[in-house]
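Before any comments, here is the structure.
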Amino acid sequence: MTYDQKVSWVENVDLVSHNSFGKVDEESQVEVSFTIAANYQSSDDIKSRGWFEMSGPDTDRWYSSGGLWFKRNELVDFDGSYSLPKEFIHKLHEWGFDVKEMARCHKYDLE
């Protein structure tokens with residue numbers, strides 16, 4: 001599948017790993033590679049999808065990837081990760097996708 005939007009970048013971020021039992025790991029200022037791709041659809045009845053991947057230098061500790069699902073350009077679901085990293089939500093917001101509800105659920109600020 002060809003994606004309308006796709007970008008990769010590297011950023012130093014503070015990382016925290018969670019599972020259903022709570023926090024399991026954390027590290028400050030880790031150099032992380034991010035990649036995200038998504039399709040932008042203009043029709044109200046079309047569903048589209050995308051994917052994300054992030055990895056740090058120690059991929060056994062810091063790796064996450066998964067799928068993204070959109071309806072009417074609103075991010076409605078994701079999988080593959082306990083939570084969707086804020087860097088991806090911000091990138092989708094920059095691209096014009098509606099991520100307000102997902103940002104609210106994750107307690108991320110879009111400003």
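Some points to look at:
- Qualifying residues in the stretch 35-46 (those that are at pLDDT below 90 and surrounded by 14 or more Cβ atoms within 10 Å (Cβ to Cβ)) - the one nearest to residue 19 (Cα to Cα): 39
- Enumeration of residues in the stretch 47-82 that are surrounded by 13 or more Cβ atoms within 10 Å (Cβ to Cβ), of a type outside the set (Lys, Arg) and either more than 14 Å from the chain's Cα centre (by Cα) or outside any strand (DSSP E or B) (or both): 48, 56, 62, 73, 80, 81
- Candidate set from the stretch 24-58 (those that are in contact (Cβ under 8 Å) with a residue 12 or more places away in the chain and of a type in the set (Val, Ile, Thr)); member that is farthest from residue 9 (Cα to Cα): 46
- In the stretch 59-80, the residues that are under 27 Å from residue 28 (Cβ atoms) and hydroxyl-bearing (Ser, Thr, Tyr) form Cβ pairs under 9 Å with partners that are loosely packed, with under 13 Cβ neighbours inside 10 Å and at pLDDT below 95, at six or more places apart or across chains, as follows: 64/82.
- Tally, over the stretch 81-111, of residues that are without any contact (Cβ under 8 Å) to a residue 24 or more places away in the chain, touching a helix residue (DSSP H, G or I) at 6+ places or on another chain (Cβ under 6 Å) and not aromatic (Phe, Trp, Tyr): 3
- Residue list for the stretch 1-40, filter: acidic (Asp, Glu) and in contact with a helix residue (DSSP H, G or I) (Cβ under 8 Å, 6 or more places away or on another chain): 11
- Within the stretch 83-111, considering residues that are part of a loop (DSSP other than H, G, I, E, B) and among the hydrophobic types (A, V, I, L, M, F, W, C), the one nearest to the chain's Cα centre (by Cα): 84
The values are calculated or read from the model by the stated rules, or taken from the named source; none is laboratory data. Owing to the predicted nature of the structure, the values given are computational and were not obtained by experimental measurement. Here Cβ is always computed from backbone atoms with ideal geometry, including for glycine, and neighbour counts include all displayed protein chains.
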